[in-house]
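J.: Got a structure for you, questions after.
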Amino acid sequence: MSFDTDGFFSPDMDPFRVAVTSQVPTKAWFDYAHDLNRFALAMVGGLDMPSSDDRQRFTLAALFIRTHQSAQAALILAERGMIGDARNVVRSAAEGVIAMYGLAADHGFIDSLIADYKMSQATLAGIVLDQPDFRSSYAPVEMAQMEETRREAKALQESTGKKKQQLIIKWDQVARQHCPHVYNLLYRPLSMDGTHTNIDAINRHVQTNPSGRVIGLKGGPDAEGIPETLKFATLVLLHAIEPMSRAFPQEGFEDRIGQFLKRFRELPGSGE
């Protein structure tokens, strides 16, 4: 089996993974990312897990676990040179970090998350309920559930006195209030080259010669994009640790975080 026949499932990916995790300059980034991953795991393992009745801290812990898992997924993808996909995962994690900052600053933000969820579910239900061709594909019990979802969303709008659009979270607004640095330095650039289909995303699959002339397309692993992608992944995790450590203080963690920040600034291409 070769990459030409099996793509990223090919055993040919094993030498690539070994090379990028053991050679300069990507080795330093992978070593750092894996150490930070272990620190985050220890942080979760040492938690005095709150009751679900403590909605703020319980949800904050759940968001941290989700963000940490996404950071791990990005490392796995980066090891295989799947840079666009890794950046997509990190961007999703960055949105989770914005939510963490919002929640850490305002215990009522959980209600905003719930309202946003209900509005989104009502929108999906409406797509089916308002289209006869779609309705025929669902059982009566499913249709009843969707009707109830839409009624609940309408009742929420009436009880809050807000329109649907006012109950949908605008992440840029949350970030401007609580963590503008996360939005401007992580969320926006990752959206431009990772999540959205645009020229930057397309260019990742365009092959050029040294003079910049387009000579073809490429679909294989990309080693050049690994350092920057790991920079984003580790920054997202570091930012997630900050509100988490305030909500769940543990002895000695501030010093450890300081050490990780110092190491980050010393990494090649960190920009610090």
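J.: Taking the conditions exactly as written (touching a residue at least 12 places away in the same chain (Cβ under 8 Å), under 15 Å from the mean Cα position of the chain (by Cα) and surrounded by 15 or more Cβ atoms within 10 Å (Cβ to Cβ)), does ALA28 satisfy them or not?
T.: It is false that ALA28 is touching a residue at least 12 places away in the same chain (Cβ under 8 Å), under 15 Å from the mean Cα position of the chain (by Cα) and surrounded by 15 or more Cβ atoms within 10 Å (Cβ to Cβ).
J.: Now for a separate question. Kindly indicate which of ILE241, ILE257 is among the aliphatic types (A, V, I, L, M), out of contact with any Asp or Glu (no Cβ under 6 Å at 6 or more places or on another chain) and in contact (Cβ under 8 Å) with a residue 24 or more places away in the chain.
T.: ILE241
J.: I would also like to ask the following. For a quick check of your reading of the model, give me the residue pairs whose first member lies in segment 184-196 and is farther than 17 Å from ALA240 by Cβ and in contact (Cβ under 8 Å) with a residue 60 or more places away in the chain, whose second is outside any helix (DSSP H, G or I) and not aliphatic (A, V, I, L, M), with beta-carbon atoms closer than 8 Å and at least 6 apart or on different chains.
T.: ASP193/ARG204
J.: For residues that are in contact (Cβ under 8 Å) with a residue 24 or more places away in the chain and small (Gly, Ala, Ser), scanning just segment 56-91, find the one that is farthest from GLY219 (Cα to Cα).
T.: ALA61
J.: Within segment 233-244, can one find any residue that is at pLDDT below 95, more than 30 Å from ASP6 (Cβ to Cβ) and more than 22 Å from the chain's Cα centre (by Cα)?
T.: Taking every residue of segment 233-244 in turn, none turns out to be at pLDDT below 95, more than 30 Å from ASP6 (Cβ to Cβ) and more than 22 Å from the chain's Cα centre (by Cα).
J.: Having 2 or more residues that are among the hydroxyl-bearing types (Ser, Thr, Tyr) is the bar; report the helices (runs of 4 or more DSSP H) wholly within segment 138-193 that clear it.
T.: 140-160
J.: Okay, next question. Among the residues of segment 73-82, are any at pLDDT below 95, buried (at least 19 other Cβ atoms within 10 Å of the Cβ) and within 15 Å of the chain's Cα centre (by Cα)?
T.: Within segment 73-82 (the criterion being at pLDDT below 95, buried (at least 19 other Cβ atoms within 10 Å of the Cβ) and within 15 Å of the chain's Cα centre (by Cα)), the answer is no, since none of the residues qualifies.
J.: I need a count of the residues in segment 166-213 that are surrounded by 12 or more Cβ atoms within 10 Å (Cβ to Cβ) and small (Gly, Ala, Ser).
T.: Qualifying residue count for the region: 4.
J.: To continue, here is another question. Would you be able to tell me the number of residues in segment 233-272 that are in contact with a Lys or Arg (Cβ under 7 Å, 6 or more places away or on another chain) and either assigned to a helix (DSSP H, G or I) or loosely packed, with under 11 Cβ neighbours inside 10 Å (or both)?
T.: 2
J.: Going by the structure shown, is SER191 among the polar types (S, T, N, Q) and out of contact with any Asp or Glu (no Cβ under 8 Å at 6 or more places or on another chain)?
T.: yes
J.: I need a count of the residues in segment 194-209 that are in a loop (DSSP other than H, G, I, E, B) and at pLDDT below 90.
T.: Number satisfying all stated conditions: 5.
J.: May I pose another question? Only one residue in VAL97, VAL89 is in contact with a His (Cβ under 7 Å, 6 or more places away or on another chain), buried (at least 21 other Cβ atoms within 10 Å of the Cβ) and at negative phi. Which one?
T.: Exactly one of VAL97, VAL89 is in contact with a His (Cβ under 7 Å, 6 or more places away or on another chain), buried (at least 21 other Cβ atoms within 10 Å of the Cβ) and at negative phi, namely VAL97.
The values are calculated or read from the model by the stated rules, or taken from the named source; none is laboratory data. Because the structure is predicted, anything quoted here is derived from the model rather than measured. Note that each Cβ is placed from the backbone with ideal geometry, even for glycine, and that neighbours are counted across all protein chains shown.
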